[in-house]
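*Asks:* Have a look at the structure that comes next, please.
The values are calculated or read from the model by the stated rules, or taken from the named source; none is laboratory data. Everything quoted here is computed from the prediction, not taken from an experiment. As a convention, Cβ positions derive from the backbone with ideal geometry for all residues, glycine included, and neighbour counts pool all protein chains shown. Surface areas here come from the heavy atoms of the whole protein model, side chains and all, with no ligands, DNA or RNA. Shrake-Rupley method; radii C 1.70, N 1.55, O 1.52, S 1.80 Å.
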There are 2 protein chains.
Amino acid sequence: MNYKMIRFLLSRVLQITGLLMLLPLIVALIYKEYFCAEMFIILIAGCILVGSIGAYFKPHNIAIYAREGFVTTALTWILISMVGALPFVMTGVTESYVDAMFETISGLTTTGSTILSDVSMYYSVQFWRTFTHWIGGMGVLVFILAIMPMSGGYSMHLMRAESPGPSVGKIVPRVRDTAKILYLIYIGITITEIVLLLFTGMNLYESLTTTFATVGTGGFGISNAGINEFSTASQIIITIFMILCGINFSVYYYLITMRPKEALQNDEVKLYLLLMFSSATLIAFMIYDQGITNTPFESFHHSLFTVASVMTTTGFATLDFNTWPQLCKTLLATLMLLGACAGSTGGGFKLSRLWILLKAMKNELIYIVHPKSVKKVYMDSHPIDSTVVKSVSAYLSMYVVIFMFSILLISIDEFDYETNFTAVAATLNNIGPGLGMVGPTGNFGAYSDLSKFVLMFDMLAGRLELLPMLILFSPRTWSRR
Amino acid sequence: MNYKMIRFLLSRVLQITGLLMLLPLIVALIYKEYFCAEMFIILIAGCILVGSIGAYFKPHNIAIYAREGFVTTALTWILISMVGALPFVMTGVTESYVDAMFETISGLTTTGSTILSDVSMYYSVQFWRTFTHWIGGMGVLVFILAIMPMSGGYSMHLMRAESPGPSVGKIVPRVRDTAKILYLIYIGITITEIVLLLFTGMNLYESLTTTFATVGTGGFGISNAGINEFSTASQIIITIFMILCGINFSVYYYLITMRPKEALQNDEVKLYLLLMFSSATLIAFMIYDQGITNTPFESFHHSLFTVASVMTTTGFATLDFNTWPQLCKTLLATLMLLGACAGSTGGGFKLSRLWILLKAMKNELIYIVHPKSVKKVYMDSHPIDSTVVKSVSAYLSMYVVIFMFSILLISIDEFDYETNFTAVAATLNNIGPGLGMVGPTGNFGAYSDLSKFVLMFDMLAGRLELLPMLILFSPRTWSRR
């Protein structure tokens, strides 16, 4: 294990965290929250100082292998969460540091679960809270890769450990360029949404915070009323950007570089849009039929908003879908677990994994009937390597095992099964609210610290696609050989 | 597709079904239920007549390949269910034929879910109801293989399609001998339990029906009071036999033939017993601590009974564990899904699959960190073929997909999520009761016919380990090539 290089990278992460806090500092100054401004200045200074000391000696051996890549990724996210939690404790938003950690991890992992029953707080702290969605949406290491020159092919191991999806698609040969392109697209989408939301009547603060929660597919709301206080026009913009941010970002790269053929070849995106619009249509029909909405337009508007929010695991809501027909609710719960596309900011199991598993399943059925025919799994018209199929299958097993263990551990708190089951589902898939006590009108505050740690692990495991967290806590990782 | 051979085998199945109905006929005569006796005589005559006509012309080409094996297995179970349902409709136990089918499939698949709110009925019909557990426990085709001479290696495909577990272990080289040995062990265990239960004060009828439900790990009770009306001694015997019937039957063969080394080498059985006794001890401690039981003996008795009932998916209950601490309930729900050993009469996912998935998961984690080390999955000190690992992974995918689709389909009935989720879990794992409306005090009667068909599919899919049902309904199976 190259400890020096891990130390070096984590120090860089700390520096970046300090720089990122400049934004809430500006907000604090604008809103004349001088206490907060002072706090952010201290935090920024601390981060940059400690980070600069740690990054002062650049290691001679900069080799990063798979193991270091995963460990660094896991530690990076834990480090930012620990630092990012400080503003919440220092301003008294949360009672304990554990609660603040929970809130920060929920933000960074774009989960959107909260331990707060009342989300009113300083403007600058609220800004920081939603800004964590934006930071976590594309990933911190991708950002570091984009701005930091790294020689050798080592950076791939970092990219691979942080990117969502079964296999990493480098858009261009150099990792650094890929990271840059991804961030430029992300920033482009962000600015577009901010501007459009301003046109629909939001003020700059509302527009910024809502955009962060949308493009990061996080779902933290800045007021207890949630998304309903905004106009229908704003809601439509939000719908569109939720859908856009659930799509694999490589598609945008192909579109920008005038390669529509490659963009259209993406099977996962086709599946995503097909599921999205067919589910929305079905649900629109049902809620209209039940008299929940009054006009066909209204039905489709709320239904598409909900489906987009659920599939991208954002967690915004315009209507309380708990009152909708059971078939709608079950469909929404299923879409929630499946999630969005790989390489997007959305969470969940990811549709590409579903695609690979379904194809592998079909091949297995054919193989049983015709043992001589051995078929490959195809995606985007290319055969998929059997090791990818194997690791997707292993992913499903890990997912189920983590799910079961988490439910067992948090059931010590004696809450009901519905609450526990959906609390784990909501955190492991980075969805946000669950049902029962952790439903849209409840929060995660009542859980014990042990359970909160389990759910924090689940949020990080979900965002980082299981492996980094499992490898971090696997004893074999730390063995000498 | 060798249709003639399928016709021939199904005719044999019909003949066997007729012969099996001789037992309830005897019960009807003993209890002087002449109406029932008449009914059983007609059914037996019908089965044997139609079966004999169908089996009269033995096909020249007796080749059975994988496809035919799976299709025949699925059709066999559907055929017996259709015929076995008749006594329930004809005596007015159920209102509709669909309900009778549900009850019969629940019996044959050793699920134990019921659509009846009151299980009192004619002695002979009740006998038939519990006898379906015994028939389904070891499997009908295994029985046919045991008594019918079949040349060639074709019979393996039937055995493979009906046996529970990821890979078929032929105990002895010839399939027919294996089938015979399995049935002899099964009959031996059955007779032992019947005799022991007689000693604990049950009458012959109670002893027979309870034994059928125990050794088949089915769980139909013959009275509304359930297992509580029997003595503690009886309950202990039942506990022991539930545990015994959840073990891979090959272990008994090794023990009988004086090969304890092979018997002790079975990793799955070790895991099964370890999980069983550690869970029972933990739960005993918790319910004693909560004052639910009064003495340590009583705590361990009820706890082991419950754990054994749950792990083998029998579904008997001495206490209402709905009132137990949440951790106990969650642990029991987890054990329910995992199930018992392959090659036993128990249901669920099977521990050998869990073992293989956990080992494959561990290897995947090692592979990611050390890409050069490719390891094999070991079980019982032997390396497992990678195609088995692949098919176990595919099994998990199929399981999850069937689970999700079933919940979606039955949610049309507008029952709550807990009811729907546990209804599917209980049928697909052949457990019996679920929670909510289908809980231990409820039943499946309120579901629509569509939902009942979905749940019947799930019960058959669960008992036959998914593949036969999926292959039966796959269009490709019926294509000409």
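*Asks:* Picking from A:Tyr56, A:Tyr65, which residue would you name as being surrounded by fewer than 17 Cβ atoms within 10 Å (Cβ to Cβ), more than 14 Å from chain B (Cβ to nearest Cβ) and either under 26 Å from A:Phe473 (Cα atoms) or modelled with pLDDT under 95 (or both)?
*Replies:* Numbers: A:Tyr65 fails: more than 14 Å from chain B (Cβ to nearest Cβ).
None of the other options fit; the residue is A:Tyr56.
*Asks:* Could I ask something else about it? Please go through region A:403-415 and give me each residue that is more than 7 Å from chain B (Cβ to nearest Cβ) and closer than 18 Å to B:Met286 by Cα, ordered by number.
*Replies:* First pass over region A:403-415, keeping only residues more than 7 Å from chain B (Cβ to nearest Cβ): A:403, A:405-406, A:409-410, A:413.
Correct list: A:Leu409, A:Ile410, A:Asp413.
*Asks:* From the list B:Asn429, B:Asn443, which residue is touching a Gly at 6+ places or on another chain (Cβ under 6 Å) and either open to solvent by 40 Å² or more (accessible area, probe 1.4 Å) or more than 10 Å from chain A (Cβ to nearest Cβ) (or both)? Steps first, answer last, please.
*Replies:* Working: B:Asn443 fails: touching a Gly at 6+ places or on another chain (Cβ under 6 Å).
One residue alone meets the criteria, B:Asn429.
*Asks:* Sticking with this structure for a sec: A:Thr318 - would you say it is under 18 Å from A:Gly218 (Cβ atoms), crowded, with 23+ Cβ neighbours inside 10 Å and either hydroxyl-bearing (Ser, Thr, Tyr) or under 13 Å from the mean Cα position of the chain (by Cα) (or both)? Quick ask: steps written out before the conclusion?
*Replies:* Working: under 18 Å from A:Gly218 (Cβ atoms): yes; crowded, with 23+ Cβ neighbours inside 10 Å: no; either hydroxyl-bearing (Ser, Thr, Tyr) or under 13 Å from the mean Cα position of the chain (by Cα) (or both): yes.
Taking the combined requirement at face value, the residue does not satisfy it.
*Asks:* With A:Leu208, A:Leu244 as the choices, which residue is under 20 Å from the mean Cα position of the chain (by Cα), modelled with pLDDT of 85 or more, more than 29 Å from A:Leu338 (Cβ to Cβ) and surrounded by 19 or more Cβ atoms within 10 Å (Cβ to Cβ)?
*Replies:* Working: A:Leu244 fails: more than 29 Å from A:Leu338 (Cβ to Cβ).
A:Leu208 is the lone residue from the list that is under 20 Å from the mean Cα position of the chain (by Cα), modelled with pLDDT of 85 or more, more than 29 Å from A:Leu338 (Cβ to Cβ) and surrounded by 19 or more Cβ atoms within 10 Å (Cβ to Cβ).
*Asks:* Ok, one more. Looking at region A:362-402, which of the residues that are more than 7 Å from every other protein chain (Cβ to nearest Cβ) and polar (S, T, N, Q) is nearest to the chain's Cα centre (by Cα)?
*Replies:* A:Thr387
*Asks:* Here's a follow-up. Please go through region B:251-287 and give me each residue that is of a type outside the set (A, V, I, L, M, F, W, C), within 14 Å of B:Gly343 (Cβ to Cβ) and under 22 Å from the mean Cα position of the chain (by Cα), ordered by number. Show your work before the answer.
*Replies:* We begin by selecting, within region B:251-287, every residue of a type outside the set (A, V, I, L, M, F, W, C); these are B:252-254, B:257, B:259-262, B:265-268, B:270, B:272, B:278-279, B:281.
Remaining after also requiring within 14 Å of B:Gly343 (Cβ to Cβ): B:252-254, B:262, B:266-268, B:272.
Selection gives B:Tyr252, B:Tyr253, B:Asn266, B:Asp267, B:Glu268, B:Tyr272.
*Asks:* Applying the selection to region A:126-145, what residues are open to solvent by 10 Å² or more (accessible area, probe 1.4 Å) and at pLDDT 90 or above?
*Replies:* So in region A:126-145, the residues open to solvent by 10 Å² or more (accessible area, probe 1.4 Å) come out as A:134, A:138, A:143.
Once the filter is applied, which keeps residues that are open to solvent by 10 Å² or more (accessible area, probe 1.4 Å) and at pLDDT 90 or above, region A:126-145 yields only A:Trp134.
*Asks:* Taking the conditions exactly as written (open to solvent by 20 Å² or more (accessible area, probe 1.4 Å) and at pLDDT below 70), does B:Lys170 satisfy them or not? Give the derivation first.
*Replies:* Numbers: open to solvent by 20 Å² or more (accessible area, probe 1.4 Å): yes; at pLDDT below 70: yes.
Considered against the rule, which asks whether it is open to solvent by 20 Å² or more (accessible area, probe 1.4 Å) and at pLDDT below 70, B:Lys170 comes out as yes.
*Asks:* Taking region B:97-125, which residues are part of a helix (DSSP H, G or I), buried (at least 23 other Cβ atoms within 10 Å of the Cβ) and not hydrophobic (A, V, I, L, M, F, W, C)?
*Replies:* From region B:97-125, those part of a helix (DSSP H, G or I) are B:97-108, B:123-125; that's our starting set.
If we keep only those that are buried (at least 23 other Cβ atoms within 10 Å of the Cβ) as well, we get B:100-108, B:124.
Matches in region B:97-125: B:Glu103, B:Thr104, B:Ser106, B:Gly107, B:Ser124.
*Asks:* Do you know which residues across region B:214-239 are at pLDDT 90 or above, among the β-branched types (Val, Ile, Thr) and more than 16 Å from B:Thr312 (Cα to Cα)?
*Replies:* B:Thr232
*Asks:* Hey, could you check region A:461-479 for residues that are open to solvent by 10 Å² or more (accessible area, probe 1.4 Å) and among the hydrophobic types (A, V, I, L, M, F, W, C) and say which is farthest from the chain's Cα centre (by Cα)?
*Replies:* Of everything passing the filter in region A:461-479, A:Trp478 is farthest from the chain's Cα centre (by Cα).
*Asks:* Okay, next question. Could you grab me the full set of residues in region A:323-368 that are touching a residue at least 60 places away in the same chain (Cβ under 8 Å), open to solvent by 30 Å² or more (accessible area, probe 1.4 Å) and among the aromatic types (Phe, Trp, Tyr)?
*Replies:* The one that is touching a residue at least 60 places away in the same chain (Cβ under 8 Å), open to solvent by 30 Å² or more (accessible area, probe 1.4 Å) and among the aromatic types (Phe, Trp, Tyr): A:Trp355.
*Asks:* Kindly provide the set of residues from region A:285-314 that are open to solvent by less than 10 Å² (accessible area, probe 1.4 Å), assigned to a helix (DSSP H, G or I) and more than 28 Å from A:Gly462 (Cβ to Cβ), ordered by number. Please lay out each step first, then the result.
*Replies:* Within region A:285-314, the first condition is being open to solvent by less than 10 Å² (accessible area, probe 1.4 Å), and the residues that meet it are A:287, A:293, A:299, A:303, A:305-314.
With assigned to a helix (DSSP H, G or I) added as a condition, the list becomes A:287, A:299, A:303, A:305-311.
Matches in region A:285-314: A:Ile287, A:Ser299.
*Asks:* Among (1) touching a Ser or Thr at 6+ places or on another chain (Cβ under 9 Å); (2) among the aromatic types (Phe, Trp, Tyr); (3) within 13 Å of chain B (Cβ to nearest Cβ), which single condition is A:Phe473 missing?
*Replies:* (1)
*Asks:* I would also like to ask the following. Conditions first: (1) over 29 Å from B:Thr306 (Cα atoms); (2) among the aromatic types (Phe, Trp, Tyr); (3) within 14 Å of chain A (Cβ to nearest Cβ). B:Phe453 passes all but one, so which condition is the exception?
*Replies:* Answer for B:Phe453: the failing condition is (3).
*Asks:* List every residue pair whose Cβ atoms lie under 6 Å apart, where the two residues are 6 or more positions apart in sequence or sit on different chains, the first residue falls within region B:251-276 and is closer than 18 Å to B:Leu184 by Cα, and the second residue, located anywhere, is charged (D, E, K, R) and surrounded by 14 or more Cβ atoms within 10 Å (Cβ to Cβ).
*Replies:* Qualifying pairs under 6 Å: B:Tyr254/B:Glu262.
*Asks:* Could you please give the count of residues in region A:38-53 that are open to solvent by less than 20 Å² (accessible area, probe 1.4 Å) and more than 15 Å from A:Ser124 (Cα to Cα)?
*Replies:* Selection size over region A:38-53: 2.
*Asks:* Same structure, new question: Using the structure shown, decide if A:Asn420 is more than 10 Å from chain B (Cβ to nearest Cβ), crowded, with 22+ Cβ neighbours inside 10 Å, among the polar types (S, T, N, Q) and closer than 30 Å to B:Gln326 by Cα.
*Replies:* Numbers: more than 10 Å from chain B (Cβ to nearest Cβ): no; crowded, with 22+ Cβ neighbours inside 10 Å: yes; among the polar types (S, T, N, Q): yes; closer than 30 Å to B:Gln326 by Cα: yes.
When the stated conditions are applied, A:Asn420 does not pass them.
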